[in-house]
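Enquirer: This is the structure, below, for whatever I ask next.
The values are calculated or read from the model by the stated rules, or taken from the named source; none is laboratory data. Since this is a predicted model, take the numbers as computed values, not measurements. Glycine also receives a Cβ, built like all others from the backbone with ideal geometry; neighbour counts cover every protein chain displayed. For accessibility, only protein heavy atoms count, side chains too; no ligands or nucleic acids. Shrake-Rupley method; radii C 1.70, N 1.55, O 1.52, S 1.80 Å.
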Amino acid sequence: MRTLVLAQNKGGVGKTSISRILSEYFARQGYHVLGLDLDPQCNYSRRFLVMDYDPADPDGVYPAIHPAYLPQEHGDWDGRSSTADIFTHHPTVPYPSWVNNLEVLPGHGERLRQLESQARNDAQTMSQALKTFLMRDDLHEHYDLVVIDTSPSKDALARSAMAVATHLLIPTLLETQSTEGLVGMLAFWRQVNRSRTAPLEIVGILPNRVRSVGLHEGLLEGLKGHPGTGRFITPVTLADRIAFAESDHTDAKPKSIFDLPKSNKARLEAEAVGRYVHGKLFA
(Lines give C-alpha, C1' and ligand atoms only; values in the text may rest on other atoms or scores of the structure.)
Protein backbone atom coordinates (compact mmCIF):
# COMPACT_ATOMS: atom_id res chain seq x y z
CA MET A 1 0.00 0.00 0.00
CA ARG A 2 1.31 3.43 -0.98
CA THR A 3 0.53 6.58 0.99
CA LEU A 4 0.67 9.87 -0.91
CA VAL A 5 0.57 13.13 1.04
CA LEU A 6 0.01 16.46 -0.69
CA ALA A 7 1.56 19.25 1.32
CA GLN A 8 2.46 22.89 0.85
CA ASN A 9 2.84 25.55 3.52
CA LYS A 10 1.35 28.18 1.19
CA GLY A 11 -2.42 28.33 0.82
CA GLY A 12 -4.40 28.59 -2.39
CA VAL A 13 -2.06 26.48 -4.52
CA GLY A 14 -4.73 23.93 -5.47
CA LYS A 15 -3.57 21.20 -3.11
CA THR A 16 -7.08 19.92 -2.40
CA SER A 17 -8.07 20.08 -6.08
CA ILE A 18 -5.06 17.98 -7.02
CA SER A 19 -5.75 15.55 -4.16
CA ARG A 20 -9.25 15.12 -5.55
CA ILE A 21 -8.06 14.67 -9.14
CA LEU A 22 -5.51 12.03 -8.16
CA SER A 23 -7.97 10.18 -5.92
CA GLU A 24 -10.44 9.96 -8.81
CA TYR A 25 -7.76 9.07 -11.34
CA PHE A 26 -6.41 6.10 -9.40
CA ALA A 27 -9.88 4.88 -8.44
CA ARG A 28 -10.89 4.93 -12.10
CA GLN A 29 -7.76 2.94 -12.93
CA GLY A 30 -9.04 0.17 -10.69
CA TYR A 31 -6.99 0.91 -7.58
CA HIS A 32 -8.76 0.82 -4.23
CA VAL A 33 -8.20 4.29 -2.77
CA LEU A 34 -8.73 5.70 0.70
CA GLY A 35 -8.81 9.49 1.04
CA LEU A 36 -7.89 11.05 4.39
CA ASP A 37 -8.84 14.68 5.01
CA LEU A 38 -6.56 16.30 7.62
CA ASP A 39 -7.50 19.87 6.68
CA PRO A 40 -10.00 21.44 9.13
CA GLN A 41 -11.62 23.23 6.17
CA CYS A 42 -12.76 19.78 4.96
CA ASN A 43 -12.97 20.81 1.29
CA TYR A 44 -11.73 17.40 0.16
CA SER A 45 -14.47 15.73 2.24
CA ARG A 46 -17.16 18.02 0.85
CA ARG A 47 -16.20 17.11 -2.69
CA PHE A 48 -16.93 13.42 -2.21
CA LEU A 49 -19.41 13.21 0.66
CA VAL A 50 -22.50 14.92 2.01
CA MET A 51 -21.32 16.69 5.15
CA ASP A 52 -23.21 18.23 8.07
CA TYR A 53 -22.81 21.86 9.13
CA ASP A 54 -22.99 23.63 12.47
CA PRO A 55 -25.05 26.82 11.88
CA ALA A 56 -23.37 28.45 14.88
CA ASP A 57 -19.89 27.94 13.46
CA PRO A 58 -19.06 29.12 9.90
CA ASP A 59 -16.27 26.55 9.76
CA GLY A 60 -18.19 23.86 11.63
CA VAL A 61 -18.09 21.06 9.05
CA TYR A 62 -18.42 17.51 10.31
CA PRO A 63 -19.30 14.05 8.95
CA ALA A 64 -22.88 12.97 8.47
CA ILE A 65 -24.21 9.76 9.98
CA HIS A 66 -22.51 6.83 8.27
CA PRO A 67 -24.83 4.98 5.86
CA ALA A 68 -23.92 1.65 7.50
CA TYR A 69 -24.69 2.84 11.03
CA LEU A 70 -27.24 0.76 12.93
CA PRO A 71 -27.88 2.15 16.45
CA GLN A 72 -29.08 -1.21 17.76
CA GLU A 73 -25.85 -2.91 16.65
CA HIS A 74 -23.29 -0.13 17.21
CA GLY A 75 -23.98 0.90 20.76
CA ASP A 76 -20.45 2.14 21.39
CA TRP A 77 -20.39 4.32 18.25
CA ASP A 78 -22.39 7.49 17.51
CA GLY A 79 -22.44 6.79 13.76
CA ARG A 80 -20.00 9.52 12.75
CA SER A 81 -16.38 8.87 11.85
CA SER A 82 -13.59 11.26 10.92
CA THR A 83 -9.83 11.54 10.64
CA ALA A 84 -9.83 13.12 14.11
CA ASP A 85 -10.76 9.66 15.43
CA ILE A 86 -7.37 8.35 14.27
CA PHE A 87 -5.75 10.41 17.01
CA THR A 88 -8.33 9.80 19.75
CA HIS A 89 -8.75 6.02 19.38
CA HIS A 90 -12.41 6.18 18.37
CA PRO A 91 -13.88 3.97 15.60
CA THR A 92 -12.60 4.89 12.13
CA VAL A 93 -15.08 3.82 9.48
CA PRO A 94 -14.44 5.18 5.95
CA TYR A 95 -17.44 6.38 3.97
CA PRO A 96 -18.31 5.24 0.45
CA SER A 97 -18.07 8.07 -2.08
CA TRP A 98 -19.79 8.62 -5.42
CA VAL A 99 -16.61 7.37 -7.13
CA ASN A 100 -16.26 3.61 -7.48
CA ASN A 101 -13.20 2.24 -5.60
CA LEU A 102 -12.82 5.46 -3.56
CA GLU A 103 -13.67 5.62 0.13
CA VAL A 104 -13.12 8.68 2.30
CA LEU A 105 -12.44 9.23 5.97
CA PRO A 106 -13.62 12.83 6.19
CA GLY A 107 -12.41 15.65 8.35
CA HIS A 108 -14.18 17.15 11.34
CA GLY A 109 -13.42 20.86 11.34
CA GLU A 110 -13.75 21.66 15.04
CA ARG A 111 -12.07 18.50 16.31
CA LEU A 112 -9.12 18.81 13.90
CA ARG A 113 -8.59 22.42 15.00
CA GLN A 114 -8.67 21.30 18.63
CA LEU A 115 -6.20 18.50 17.95
CA GLU A 116 -3.85 20.89 16.21
CA SER A 117 -3.99 23.30 19.14
CA GLN A 118 -3.32 20.53 21.67
CA ALA A 119 -0.54 18.88 19.68
CA ARG A 120 1.71 21.84 18.91
CA ASN A 121 4.30 20.52 21.35
CA ASP A 122 3.61 16.83 20.82
CA ALA A 123 3.65 16.14 17.10
CA GLN A 124 5.41 12.82 17.72
CA THR A 125 2.33 11.40 19.44
CA MET A 126 0.16 12.35 16.47
CA SER A 127 2.64 10.81 14.05
CA GLN A 128 2.64 7.57 16.00
CA ALA A 129 -1.17 7.45 16.04
CA LEU A 130 -1.34 7.97 12.27
CA LYS A 131 1.41 5.40 11.72
CA THR A 132 -0.49 2.85 13.82
CA PHE A 133 -3.63 3.51 11.79
CA LEU A 134 -1.85 3.11 8.45
CA MET A 135 -0.21 -0.14 9.58
CA ARG A 136 -3.56 -1.84 10.19
CA ASP A 137 -3.84 -5.16 8.38
CA ASP A 138 -7.35 -4.43 7.15
CA LEU A 139 -6.17 -1.25 5.40
CA HIS A 140 -3.35 -3.09 3.64
CA GLU A 141 -5.74 -5.83 2.58
CA HIS A 142 -8.38 -3.46 1.23
CA TYR A 143 -6.55 -0.44 -0.19
CA ASP A 144 -3.78 0.05 -2.74
CA LEU A 145 -3.34 3.78 -2.15
CA VAL A 146 -4.03 6.29 0.61
CA VAL A 147 -4.24 9.96 -0.43
CA ILE A 148 -3.81 12.49 2.40
CA ASP A 149 -4.92 16.10 2.00
CA THR A 150 -3.38 18.48 4.54
CA SER A 151 -3.85 22.07 5.62
CA PRO A 152 -1.65 24.82 4.10
CA SER A 153 0.90 24.91 6.92
CA LYS A 154 3.65 22.99 8.67
CA ASP A 155 1.34 22.17 11.57
CA ALA A 156 1.35 18.97 13.60
CA LEU A 157 -1.23 17.32 11.32
CA ALA A 158 0.85 17.99 8.20
CA ARG A 159 4.00 16.93 10.03
CA SER A 160 2.42 13.67 11.11
CA ALA A 161 1.33 12.94 7.53
CA MET A 162 4.82 13.59 6.18
CA ALA A 163 6.34 11.52 8.96
CA VAL A 164 4.44 8.37 7.94
CA ALA A 165 3.59 8.67 4.21
CA THR A 166 5.59 6.88 1.54
CA HIS A 167 5.43 9.68 -1.07
CA LEU A 168 5.10 13.47 -1.15
CA LEU A 169 3.72 15.76 -3.88
CA ILE A 170 4.15 19.54 -3.53
CA PRO A 171 1.80 21.69 -5.64
CA THR A 172 2.80 25.28 -6.38
CA LEU A 173 1.55 28.32 -8.20
CA LEU A 174 3.88 30.20 -10.49
CA GLU A 175 3.74 33.31 -8.35
CA THR A 176 6.61 34.86 -6.45
CA GLN A 177 5.24 34.19 -2.96
CA SER A 178 4.49 30.55 -3.70
CA THR A 179 7.76 29.78 -5.46
CA GLU A 180 9.84 31.52 -2.79
CA GLY A 181 8.39 29.12 -0.21
CA LEU A 182 9.46 26.01 -2.11
CA VAL A 183 13.03 26.02 -0.83
CA GLY A 184 11.68 26.11 2.71
CA MET A 185 9.23 23.31 1.92
CA LEU A 186 12.05 21.16 0.58
CA ALA A 187 14.09 21.93 3.70
CA PHE A 188 11.10 20.79 5.75
CA TRP A 189 10.97 17.54 3.72
CA ARG A 190 14.68 16.92 4.37
CA GLN A 191 14.18 17.62 8.06
CA VAL A 192 11.36 15.07 8.21
CA ASN A 193 13.52 12.50 6.44
CA ARG A 194 16.28 12.82 9.03
CA SER A 195 13.98 11.27 11.62
CA ARG A 196 12.62 8.50 9.36
CA THR A 197 13.98 4.99 8.83
CA ALA A 198 12.66 4.73 5.26
CA PRO A 199 12.80 8.02 3.33
CA LEU A 200 9.72 9.97 2.26
CA GLU A 201 10.05 9.79 -1.52
CA ILE A 202 9.31 13.03 -3.32
CA VAL A 203 7.09 12.68 -6.39
CA GLY A 204 7.87 16.23 -7.41
CA ILE A 205 6.83 19.87 -7.37
CA LEU A 206 3.73 20.22 -9.55
CA PRO A 207 3.11 23.65 -11.15
CA ASN A 208 -0.60 24.43 -11.04
CA ARG A 209 -2.84 27.05 -12.70
CA VAL A 210 -0.14 27.77 -15.24
CA ARG A 211 -0.83 30.53 -17.78
CA SER A 212 0.94 31.33 -21.03
CA VAL A 213 2.23 34.66 -19.82
CA GLY A 214 5.73 35.96 -19.42
CA LEU A 215 5.67 35.93 -15.61
CA HIS A 216 4.66 32.28 -15.38
CA GLU A 217 7.03 31.18 -18.12
CA GLY A 218 9.89 33.05 -16.48
CA LEU A 219 9.20 31.67 -13.00
CA LEU A 220 8.88 28.13 -14.35
CA GLU A 221 12.23 28.38 -16.14
CA GLY A 222 13.72 29.87 -12.99
CA LEU A 223 12.50 26.93 -10.91
CA LYS A 224 13.84 24.44 -13.43
CA GLY A 225 17.24 26.13 -13.38
CA HIS A 226 17.41 26.61 -9.61
CA PRO A 227 19.89 24.22 -7.92
CA GLY A 228 17.47 23.62 -5.04
CA THR A 229 14.26 23.00 -6.97
CA GLY A 230 15.23 22.14 -10.57
CA ARG A 231 15.38 18.35 -10.29
CA PHE A 232 12.00 18.20 -8.56
CA ILE A 233 9.86 20.13 -11.07
CA THR A 234 7.47 17.72 -12.74
CA PRO A 235 7.45 17.51 -16.54
CA VAL A 236 3.64 17.80 -16.41
CA THR A 237 1.64 20.85 -15.33
CA LEU A 238 -1.98 21.87 -14.85
CA ALA A 239 -3.08 25.01 -16.67
CA ASP A 240 -5.37 27.71 -15.34
CA ARG A 241 -8.58 26.31 -16.83
CA ILE A 242 -12.18 27.04 -15.90
CA ALA A 243 -12.94 23.30 -16.09
CA PHE A 244 -10.74 22.65 -13.04
CA ALA A 245 -12.46 25.38 -11.02
CA GLU A 246 -15.92 24.19 -12.04
CA SER A 247 -15.16 20.56 -11.14
CA ASP A 248 -14.37 21.60 -7.56
CA HIS A 249 -18.03 22.37 -6.86
CA THR A 250 -20.25 19.68 -5.37
CA ASP A 251 -22.96 20.38 -7.95
CA ALA A 252 -20.55 20.29 -10.92
CA LYS A 253 -21.85 18.81 -14.16
CA PRO A 254 -20.24 16.53 -15.04
CA LYS A 255 -19.10 15.64 -11.52
CA SER A 256 -15.64 14.60 -12.58
CA ILE A 257 -13.01 16.15 -14.81
CA PHE A 258 -12.64 12.61 -16.21
CA ASP A 259 -16.21 12.66 -17.50
CA LEU A 260 -15.43 15.52 -19.88
CA PRO A 261 -14.88 14.64 -23.57
CA LYS A 262 -11.68 12.67 -24.14
CA SER A 263 -10.27 15.54 -26.20
CA ASN A 264 -10.89 18.14 -23.47
CA LYS A 265 -7.59 19.82 -22.53
CA ALA A 266 -8.30 19.84 -18.81
CA ARG A 267 -9.03 16.12 -18.85
CA LEU A 268 -5.91 15.42 -20.91
CA GLU A 269 -3.76 17.38 -18.45
CA ALA A 270 -5.33 15.62 -15.45
CA GLU A 271 -4.70 12.24 -17.05
CA ALA A 272 -1.09 13.19 -17.80
CA VAL A 273 -0.53 14.17 -14.17
CA GLY A 274 -2.15 10.91 -13.05
CA ARG A 275 0.09 8.85 -15.29
CA TYR A 276 3.18 10.68 -14.07
CA VAL A 277 2.30 10.18 -10.40
CA HIS A 278 1.41 6.55 -11.12
CA GLY A 279 4.89 6.00 -12.52
CA LYS A 280 6.45 7.46 -9.38
CA LEU A 281 4.27 5.46 -6.99
CA PHE A 282 4.02 2.06 -8.64
CA ALA A 283 6.94 1.77 -11.06
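Enquirer: From the phi angles alone, apply the Karplus equation (6.51, -1.76, 1.60; θ = phi - 60°) to region 244-260 and give each ³J(HN,Hα) in whole Hz, x where the residue is Gly or Pro.
Expert: Along region 244-260, the couplings run 5, 5, 5, 6, 6, 7, 5, 9, 4, 10, x, 5, 10, 4, 7, 9, 6 Hz.
Enquirer: Something else: Report, in degrees rounded to the nearest 10, the 0 to 90 angle that the Cα long axis of helix 123-134 makes with the longest principal axis of the chain.
Expert: The two axes meet at around 80 degrees.
Enquirer: Return the long-range amide H neighbours of T3 (sequence gap of 5 or more, or a different chain), with a cut-off of under 5 Å between placed amide H atoms.
Expert: V146, T166, H167
Enquirer: Further question: Calculate how many DSSP beta bridges within the chain are antiparallel, expressed in % of all such bridges and rounded to the nearest 5. Intermediate values should be presented prior to the final figure.
Expert: Numbers: 5 of 31 bridges.
Restricted to the chain, the bridges split so that about 15 percent are antiparallel.
Enquirer: Residue by residue through region 152-163, what is 3J(HN,Hα) from phi via Karplus (6.51 cos²θ - 1.76 cosθ + 1.60, θ = phi - 60°)? Round to whole Hz and write x for glycine and proline.
Expert: Values, residue by residue: x, 6, 10, 6, 5, 5, 5, 4, 5, 5, 5, 6 Hz.
Enquirer: As an exercise, use a Förster radius of 30 Å and the Cβ-Cβ distance of I65 and Q29 to find the FRET efficiency, rounded to the nearest 0.05. Present the calculation step by step, with values, prior to reporting the outcome.
Expert: On the way: r = 31 Å, r/R0 = 1.03.
For I65 and Q29, the calculated efficiency is 0.45.
Enquirer: Against the longest principal axis of the chain, how steep is helix 109-118, in degrees 0 to 90 to the nearest 10, with axes from Cα atoms?
Expert: 80
Enquirer: State the percentage of accessible surface on the chain attributable to carbon and sulfur atoms; use a 1.4 Å probe and exclude ligands, DNA and RNA. Kindly include the intermediate steps, with their values, before the conclusion.
Expert: On the way: 6430 of 13120 Å².
Accessible surface attributable to carbon and sulfur in the chain totals 49 percent.
Enquirer: So, one more: Straight-line reach from K253: which aspartates and glutamates fall under 18 Å, measuring Cα to Cα and dropping same-chain residues less than 8 apart?
Expert: E24
Enquirer: Then there is this: Starting from the Cα-Cα distance between L139 and E110, subtract it from 0.36 nm times their residue separation and give me the gain in nm to one decimal. It would help to have the intermediate numbers written out before the result.
Expert: On the way: separation 29, 0.36 × 29 = 10.44 nm, distance 2.60 nm.
Extra length from L139 to E110 when fully extended: 7.8 nm.
Enquirer: Place a point 7 Å from the Cα of V183 along the Cα-to-Cβ direction; which residues of region 207-225 have their backbone N under 15 Å from it?
Expert: Residues 222-225 qualify, since their backbone N sits under 15 Å from the label point.
Enquirer: Please give every one of the lysines within straight-line cross-link reach of K224, meaning a C-alpha to C-alpha distance under 27 Å, and leave out same-chain neighbours fewer than 8 residues apart.
Expert: List returned: K10, K15, K154, K265, K280.
Enquirer: A further question follows. Any chance you could run the full-extension gain for K253 through D52? It's 0.36 nm times the residue separation minus the Cα-Cα distance, nm to one decimal.
Expert: Working: separation 201, 0.36 × 201 = 72.36 nm, distance 2.23 nm.
Between K253 and D52, full extension yields 70.1 nm more.
Enquirer: Given a 1.4 angstrom probe, what's the average accessible area per residue across the chain, in square angstrom? Could the numbers behind the result be given before it?
Expert: Numbers: 13120 Å² over 283 residues.
Spelled out: the 1.4 Å probe surface of the chain, per residue, equals 46 Å².
Enquirer: Run the dipole for region 1-70 about the Cα centre, Lys and Arg Cβ at +1, Asp and Glu Cβ at -1, nothing else charged, and hand back the magnitude in debye, nearest 20. It would help to have the intermediate numbers written out before the result.
Expert: On the way: 7 positive and 7 negative charges, 96 e Å.
Dipole size: approximately 460 debye.
Enquirer: For region 77-99 and region 36-71, compute the distance between their C-alpha centroids and round to whole Å.
Expert: Comparing the Cα centres of region 77-99 and region 36-71, I get a distance of 10 Å.
Enquirer: Turning to a different aspect of this structure: Just to check I understand the Karplus step: with θ = phi - 60° and J = 6.51 cos²θ - 1.76 cosθ + 1.60, what whole-Hz values come out for region 180-190, glycine and proline as x?
Expert: 5, x, 5, 4, x, 5, 5, 5, 4, 4, 5
Enquirer: Taking the Cα centre as origin and putting +1 on Lys and Arg beta-carbons and -1 on Asp and Glu beta-carbons, what dipole magnitude results for region 87-187, to the nearest 20 debye? Numbers along the way, then the final one.
Expert: Numbers: 7 positive and 12 negative charges, 62 e Å.
About 300 debye.
Enquirer: If each residue of separation counts as 0.36 nm, what is the full-extension length gain between R275 and H90 once their alpha-carbon separation is subtracted? All intermediate terms of the calculation are to be shown ahead of the outcome.
Expert: Working: separation 185, 0.36 × 185 = 66.60 nm, distance 3.60 nm.
Extra length available between R275 and H90 comes to 63.0 nm.
Enquirer: Of the trypsin sites (Lys or Arg not before Pro) in region 123-199, which ones lie in a loop per DSSP and count no more than 14 other C-beta atoms within 10 Å?
Expert: On the way: sites: K131, R136, K154, R159, R190, R194, R196; in loops: R136, K154, R196.
Passing both the DSSP loop test and the Cβ count: R136, R196.
Enquirer: While we're looking at this one, here's another question. As I understand it, the value is the acute angle between the Cα axis of helix 214-225 and the longest principal axis of the Cα atoms of the chain; what does it come to in degrees, rounded to 10?
Expert: 80
Enquirer: While we're here: For region 140-222, with the dipole built from +1 on Lys and Arg beta-carbon atoms and -1 on Asp and Glu ones, taken about the Cα centre, which of A156, N208, T166 lies farthest toward the positive end?
Expert: A156
Enquirer: So which trypsin sites (Lys or Arg not before Pro) in region 223-269 end up in coil per DSSP with only 15 or fewer other C-beta atoms within 10 Å? Working shown, then result.
Expert: Working: sites: K224, R231, R241, K255, K262, K265, R267; in loops: R241, K255, K262.
Qualifying residues, ordered by number: K262.
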